[in-house]
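Report on the structure given below.
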Amino acid sequence: MIFIVISIDVRPDRRDVFLEGIRGYCAQVRAEPGNRHFTCYESVDGGNRFVVVANYADDAAGRAHVASEHAQWFFGWLPSVVARVPKIVYQDLGDTDWTEMGEVAAHM
């Protein structure tokens with residue numbers, strides 16, 4: 001499983017453009033074979049900071065994503081809306097899958 005977190009600081013004057021672009025991009029990525037999760041979140045602290053959380057079944061799915069037409073568009077488009085170079089955490093967790101959080105039990 002590939003797990004990726006990207007921190008993106010968006011220029012205030014490009015916020016609306018970013019939101020429009022990221023909505024469409026999220027939908028395209030979620031439709032990819034091997035994509036398990038792809039969501040963009042806005043920081044509760046404001047400041048136009050967004051975080052993308054992505055999860056792919058394996059390295060092959062991640063490579064296919066990067067080679068996709070929409071990912072290539074995203075990589076070319078993103079510099080037009082960011083305030084600085086995004087930061088990324090990329091982890092290949094092997095055959096690991098999501099597990100339940102042991103510290104929290106749902107009240108049913």
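The numbers here are math on the coordinates, done by the rules we state, and not lab data. Remember, predicted model here, so these are calculated numbers, not experimental data. So basically every Cβ, Gly included, is an ideal-geometry build from the backbone, and we count neighbours across all protein chains shown.
Some observations on this one:
- Here is the tail figure for the chain: Cα pairs spaced more than 24 Å apart come to 30 percent of all pairs.
- Among Thr99, Thr39, a tally of other beta-carbon atoms within 10 Å of each Cβ gives an order, fewest to most, of Thr99, Thr39.
- Using θ = phi - 60° in the Karplus curve 6.51 cos²θ - 1.76 cosθ + 1.60, the 3J(HN,Hα) couplings for the stretch 74-80 round to 4, 5, x, 7, 3, x, 7 Hz; x is entered for Gly and Pro.
- Of all the options Asp59, Asp13, Asp45, the one that moves most in a Gaussian network model of the chain with Cα springs shorter than 10 angstrom is Asp45.
- For the stretch 2-92, with +1 on Lys and Arg beta carbons and -1 on Asp and Glu, the positive-most of Tyr90, Gly21, Ile4 along the dipole: Gly21
- If you plug the beta carbon distance of Gln91 and Asp13 into 1/(1 + (r/R0)^6) with R0 = 22 Å, you get a FRET efficiency near 0.05.
- Note, ³J(HN,Hα) from phi for the stretch 37-43, Karplus 6.51, -1.76, 1.60, rounded to Hz, x at Gly and Pro: 6, 7, 9, 10, 10, 9, 4
- Karplus-derived 3J(HN,Hα) values for the stretch 14-22, using 6.51 cos²θ - 1.76 cosθ + 1.60 with θ = phi - 60°, are 10, 3, 4, 5, 4, 4, 5, x, 5 Hz; glycine and proline are entered as x.
- The helix-based estimate of mean residue ellipticity at 222 nm for the chain, built from -39,500 (n - 2.57) per DSSP H run of four or more residues and divided by its residue count, is -9500 deg cm²/dmol to the nearest 500.
- The ranking of Val66, Val29 by Cβ neighbour count inside 10 Å, starting from the fewest, reads Val66, Val29.
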